[in-house]
Amino acid sequence: MLRCMSPRMATRAEKERIALLQGTLDLLILQTLRRGPLHGHAIVKEIEQRSEAVLLVEQGSLYPALHRLIRRGWIGFEEGPSENNRRAKYYRLTASGKKQLAIESGKWERMAGAIARILRPAEEKA
Amino acid sequence: MKFRRRIGHRLLRDLGADLEEHIEREARENMERGMPEAAARRAARIKLGNPARIIEDTREVWVRRWLETLLQDFTFALRMLRRTPGLTVVAILTMALSIGAATGIFSLVDATLLHPLPYAHPEQLVRLEDDLPGAGARDVGLSLPEWEDFQHSGLFQFVSPTQYDDNNLTGGRAPQQVRLLMAAPNYFALLQATPELGRTFDPNFRGPGFLTEVVISDGLWRGTFGGDPNILGRSLHMDTDLYRVIGVMPPEYHDPGRDPRERNVEVWAADSYYGPPNFVPWPRTVRGMPTAIARLRPGLTLEEAQQRMDALTAALRQKYPGDYPAAAGWRVRLVPLQASVTGEVRPTLLVLLTGVGIILLIGCVNIANLLLARTGARRQEMAIRRALGGGRLRLIRQMLTESLLLASLGAGAGLALLYGARNPLLQLLPPSLPRLNAIGAQGPVLWFTLGVTAAAGVLFGLAPALQASRAPAAAGLRDAGRGSTGARKRMQRTLVVMEFALALVLVIAGGLLLRSFSKLTTVGLGFRPESVMAVMTRMPYPNDPMTDRYRTAAQQRPFFQKLAAGLRTLPGVKEVAFADNAAFPLAHDRDNQTPPLPLRVEGWRGGDDQRPLVDQAIVAPEYFHLMGMTLLRGRELSDLDAAAAAPVAVVNQAMARRFFPDGNAIGRRFQLGRGAWTTVVGVVADARAEKIEDSDVPEIYTALYQRGAHHLVIFFRGTMNAGQIEAQVRAQVQAVDPTLPVFGTQQLPAAVAASLAQRRFAMDLVGCFAAASLLLAGLGIFGVMAYTVGERRREIGIRRAMGARGRDVVRLVLREGMTLAIVGAMLGLGGGVAAARALAGLLFGVSWSDPATFGLSAAALIAVALLGCYLPARRALRVDPMASLREQ
C-alpha cells in the first residue's frame, strides 16, 4: 500500500503525501466501483460527491491509478455506449478486486481507528 | 502476465481518446452550470491536467514495473555472485571456455557451411560430375560432345568446363609458374563475376581454339606486373604463346575450387573447345574436360534438374551404345557447388560442432551442480523470502537472473578470449579448409553466441531455481539451513550421472579418432619419405604442338641427361630421380595431372566394355630406389628403356592381383588409351600413393624416357639444405633451359603430415574436448562426494565410534561415488555407440565398435571417478568420532 513510485516525487515530504494519496485513491476507486461499473469521469464525480467535496481528486492521477488496478487484476473494463451515444470505458470490480477491497478497507479502518485513538487523548490534553 | 501486458497495450493506445472523452464530459457539466462553451472546455482541460503527462505516467504503470524488478534482480544477483567469489570464478571460467570454444567452432561452420558462396544466386550453381560406376571411376570428366549436349539441354543457363593447370609465364625478370584456369568463354558470365579493371571474356565467342585474351588476378598484377597502370592490353607469354591482358579480377574474388590451389587462380584463359589445338574430331570417350560447372535455369530445382539429366544421359546411352557401354553405367551427377567446395570438411566440422555442444552441456551440468550445492546454503534466504510473500515465480526469476548473469559474464570472457587468441587459433586451422577468409564475428556468429548463452544460463539455472523455490517456507526456517533435502541430493546425483554419460561419449569419440590417427601414422606407407625433398619444374605446352621443343620423350632426353649430371653435384644430394607430378605421393591437386587413360589389359576378362581407369605415374628408373619402394618380382626400369626400345612398365601388387588373376604380371601386356602396347617387366610392393587411407590402389609406373612428361617433379634423397635447394635447382635447370620455372619445393615428410592435417585438427580438438570433459566430470563427482561426506560426518563419526575400520569408511564413500560413475558410464555407452556410428566415415583401421576403445574409455572414466572420490574419502577417514558427535 505504501509503495512509492510516482515519478513526480521530488522532496521527501511531498513523496510521502502523494504516496499516501495514491494508495488512498486506489481504495476509493475500488469502493466506488462496488456498486456497479462506471466510466472514468463518473468515478471522479462519485468520489467528490460522496466525500461531500472534502476530497478533491486530482483528475490526472485517476488514469494511472485505473491502469495500476487493471494491471493487478483488481478491476476490469468493457466498452459500452454512454448516455449520449458515445463510446466509453466502463470499469468494474473483479472478484479478486472485491477481496482486495475487503482487505484494504479493513486495514484502512484499523489504521484510521489507531490514528484516531492516538490523536484523541492529545486533543483532550490540549 | 503476457495477457495483461497485451491489455496494457490496448489501454494505452485508447488512452488519448479516453482522456478526450473525460474532458468532454467535464466540459458539458460546466456548461450545464452556465459556463460559456469555450470557458467550460478550458476549465475542463485545466482540471484534468496535461494529457501527455498523464499518458506518460500511465505508461510507466506498465513499463516501469518489470524494468524495476529486473534491475532489482540484477543488482541482487551481482551481490550474490560477489559473495561466493570462488564459485563465481569457476562458473565464469567454465562458461568462458565452453562458450568460447562453441563460438569458435561455430564461426568455422558459419564461414564454410552456412555462408552462401559469394556469387549471385549461388543456389543455381552446380558442378557436373561424370561417373562410370561400372569402371569403378567417379568424376572422370567430360568430353566436348557431352558439353554441347548439356548446353543445349535446356537445363542450364551456362555450362563451362574448368581445367586447373600450371603455365610458364616468361618474358618478365624470371620465368615463373602461374596457376591457370582454362574454362569456356562463358565462365565469368556463368559466375556473374566482374573484374576490378577492364573486362572478362565475351561469353558468345565462337572462334576456333584458345582466346588470345587472358584475365589476371589482382595478386599477379600487383606482384609480377608491379601494379602497372597500363596493364590492360599488355601482352604476356605463357608456354611460349602470346596473350593479351583484358581484365584484372579483384583481390576478394576466388574461384569455387575444391582446394586452396584451385581457389587461388592467377590467370584465367578461355578455350572455345572448337578446332585445333583441341581434338578434331573430339570423340565422346575422350574425357578431356576434367571438371565442369554450370548455372541452372532460374526456377529449376536441383531434383528436377537431376531427373531431367538422368533422362538425357539415358537417351544418350541408347543413341551411342559404342561410346557408352551399358556395363560402364555412365551417369552425370549434379552436385551443389557449395557442397563441392566444402564437401570434404563438412563431416569433420559437424563432428566438432557436436563435440563442442557436448562440452557446453557438461559445463552447464557442472555449474548447475555447483549452484545446487549453494542453494543448500541459501535455503534460509529462500525460506525467508517466501515467508515474506515472495512468489515462487518471482524466486525462480531471481535465480534465473543470477544464472543468466553468470552465463553472460562467461560468454563475454569467452568472446574476449577468442578474440585475443584469434591469430594463433587461425594458425591451427588446416590450410585446406575452404573460405578461411570468411571467418569472423559476423551477425550469425554473434546471434549464435547470444542464443547459446541464454540457453546455457537457463539450462544450468533451472534445476537450482526450481529446487530453491520449492523450499517450503516453514520447513526452511525451522532447520535453519542445515542439511539438504532428498530432492536436491537426487538432482545432484542425476546431474553427475549425466556428466559421466556425456563425458564418456566424448572420450569414446576422441579415442576412436586418436586410434585412427595413430593407425594412419604407423601404416606402412610403402615408401620412405625421410630425407626426401621434391622440387618442381615444368616444360611448356605450346598451343601448336609442332613448336614444342619437348614434344616427345626423345626430344626431352638430352634435357634430363644434362640436368641430372648437374643436380648430382649439389651439396648433400645422394640420389636424384625425375618423375611426372602423378608420381608425387599423396598429392592433393590431381587436376593439373594428365587424366588417367582408359586401360586395356591383354587377355583380361573385363574386355573392351569396361575399360578401367588406373592411376598412372611416369617415372625415371631411379625413382623406386630413391623412394625406398620394394621390388617384388622382375626388374625395375632402366636407362635402356628409352624411346627406341619396346615400351615397358612396372606395376604394383594391387594392379597385378586385380588384372592378372594368376598373380604373374611379368611379360603381360596392356595398352593405355590408344597408345602402344606396353609390357610389364616388374612388380613393386603397394605404396600409399593417393591417400594414406587407401591401400590396394592399382598403379602403373611407365618409363619417363619412353613416354616423356611436361609436369616434372625432381626428387632428391640426401642431406640437402631445405632453404637453398630451390635456388640451387633453379640455377641448374635454367643453365639447361633458361625459360623453365622452378617452384614448389616440398619435404616429403611434411607433405605426408599435410595430407593428414585435417584429421589431425579434428583429432586434436576432439581430444581436447574429451580431456576437458573428463576434468569436468571429475570435478563434478568430487563436488558431490565432498558434500556428501561433509553432510554425513555425524554418521561416519558414529560408525567409527562403533568400531568401523578405515576400510569400511572408504568403501562407504566409494560405493556411492562409483555407483554414480558406473550408472553414468552405462548410459554413456549407449550415447557412445550412437556417436561412434556417426563417426564411422572418419575412422581408419579401427571399427566404430572397437571394443578396446570402448573399454579403455570406460576405464578412464572410472579412474577419474576414483580420483574424484579419493579426496573426499580421505577426509572421511580423518573424521574424529568425538568431535563430530559433539558438533550438534
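Quick note: the coordinates plus some simple rules give every number you see, no bench work behind them. Only a predicted model underlies this, so the values are computations on that prediction, with no experimental measurement involved. As a convention, Cβ positions derive from the backbone with ideal geometry for all residues, glycine included, and neighbour counts pool all protein chains shown.
A few notes on this one:
- Rounded FRET efficiency, nearest 0.05, which uses the C-beta distance separating residue B:878 from residue B:819 and R0 of 35 Å: 0.90
- When +1 charges are put on Lys and Arg Cβ atoms and -1 charges on Asp and Glu Cβ atoms, the dipole computed for the protein assembly as shown relative to its Cα centre reaches about 6300 debye.
- Per-pair calculated FRET efficiency, R0 = 51 Å: residue B:518 and residue B:121 via Cβ, rounded to 0.05: 0.65
- Cα centroid of the range B:138-180 to Cα centroid of the range B:680-743, whole Å: 25 Å
- In the range B:541-738, Cα pairs under 8 Å separated by at least six residues give a relative contact order of 33 percent.
- Relative protection proxy for B:508-516, B:288-296, from highest mean packing down: B:508-516, B:288-296 (other beta-carbon atoms within 10 angstrom).
- Virtual spin-label span in nm between residue B:679 and residue B:428, 7 Å along Cα→Cβ: 5.9 nm
- Helix-only [θ]222 nm of the protein assembly as shown, DSSP H runs n ≥ 4, -39500 (n - 2.57) each, per residue, nearest 500: -17500 deg cm²/dmol
- Two-site FRET efficiency, residue B:575 against residue B:547, from Cβ-Cβ distance with R₀ of 22 Å, rounded to 0.05: 0.05
- Among the residues of B:13-25, the average count of other protein chain beta-carbon atoms within 10 Å of the residue beta-carbon is 5.
- Radius 12 Å from Cβ of residue B:629, net charge of other residues (Lys, Arg +1; Asp, Glu -1): -2
- Between residue B:174 and residue B:82, the contour length at 0.36 nm per residue exceeds the Cα-Cα span by 26.4 nm.
- Cα-centred dipole magnitude for the range B:541-738, charges only on beta-carbon of K, R (+1) and D, E (-1), debye, nearest 20: 420 debye
- Charge context of residue B:247, other residues only, Cβ under 9 angstrom, K/R +1, D/E -1: -1
- Total formal charge among the other residues, if their Cβ is under 11 angstrom from that of residue B:124, Lys/Arg +1 and Asp/Glu -1: +1
- A Cβ-based charge dipole, computed about the Cα centre of chain B with Lys and Arg at +1 and Asp and Glu at -1, lands at about 5180 debye.
- Angle between chain B longest axis and helix B:85-109 axis [Cα atoms, degrees, rounded to 10]: 30 degrees
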